[in-house]
1. Relative to the Cα centre, what is the charge dipole magnitude of the chain, using +1 at the beta carbon of each Lys and Arg, -1 at the beta carbon of each Asp and Glu, and rounding to the nearest 20 debye?
2. Please work out the FRET efficiency for the pair Ala20 and Arg78, using the Cβ-Cβ distance as r and a Förster radius of 25 Å; give the result to the nearest 0.05.
3. Lysine pairs in the stretch 7-81 with Cα distance under 21 Å, only those 8 or more apart or on different chains: how many are there?
4. Report ³J(HN,Hα) in whole Hz for each residue of the stretch 67-72, in order, from the Karplus equation J = 6.51 cos²θ - 1.76 cosθ + 1.60 where θ = phi - 60°; Gly and Pro get x.
5. Taking the simple approach of a point 7 Å from Cα along Cα-to-Cβ for both Arg48 and Asp71, what is their distance in nm?
6. For the stretch 15-24, in order, what is each residue's ³J(HN,Hα) by Karplus, 6.51 cos²θ - 1.76 cosθ + 1.60 with θ = phi - 60°, in whole Hz (x at glycine and Pro)?
Amino acid sequence: MSIKAIRTCIVCRKSENPSALIRLTLVDGKVIPDLKGGAPGRGAWLHRECAESAIQRGSFKFAFKATSAPDVSELINRLDNK
Ligand SMILES: [Zn+2]
């Protein structure tokens, strides 16, 4: 079985099978983890262990080509719950 869909982590730039990464979407200026997959909109992918670095570096603004830094509180909540 070949898996052609390869995604790149926005933090460490490593290419991965999407199952190894978390998909994030930008909804109303908030970074929302797309845990079920298939949410509409621009997606960004990263490793679970890279999420903290992304938050600290403000990587989401660049990843989503946003004009201002997106709100990551939802993402932080999800990470804390796991
Ligand atoms: Zn990574």
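Only the coordinates and a few stated rules stand behind these numbers; no lab work does. Just so it is clear, the model here is predicted, and its values are computed rather than measured. Positions of Cβ are generated from backbone atoms using ideal geometry, with glycine treated the same way; all protein chains shown enter the neighbour counts.
1. Values: 14 positive and 8 negative charges, 65 e Å.
The dipole of the chain has a size of about 320 debye.
2. Numbers: r = 17 Å, r/R0 = 0.69.
Plugging the Cβ-Cβ distance into 1/(1 + (r/R0)^6) gives 0.90.
3. Values: Lys14/Lys61; Lys14/Lys65; Lys30/Lys61; Lys30/Lys65.
Here the count comes out as 4.
4. Couplings: 7, 9, 5, x, 6, 9 Hz.
5. 2.6
6. 7, 9, 5, x, 5, 8, 10, 9, 8, 10
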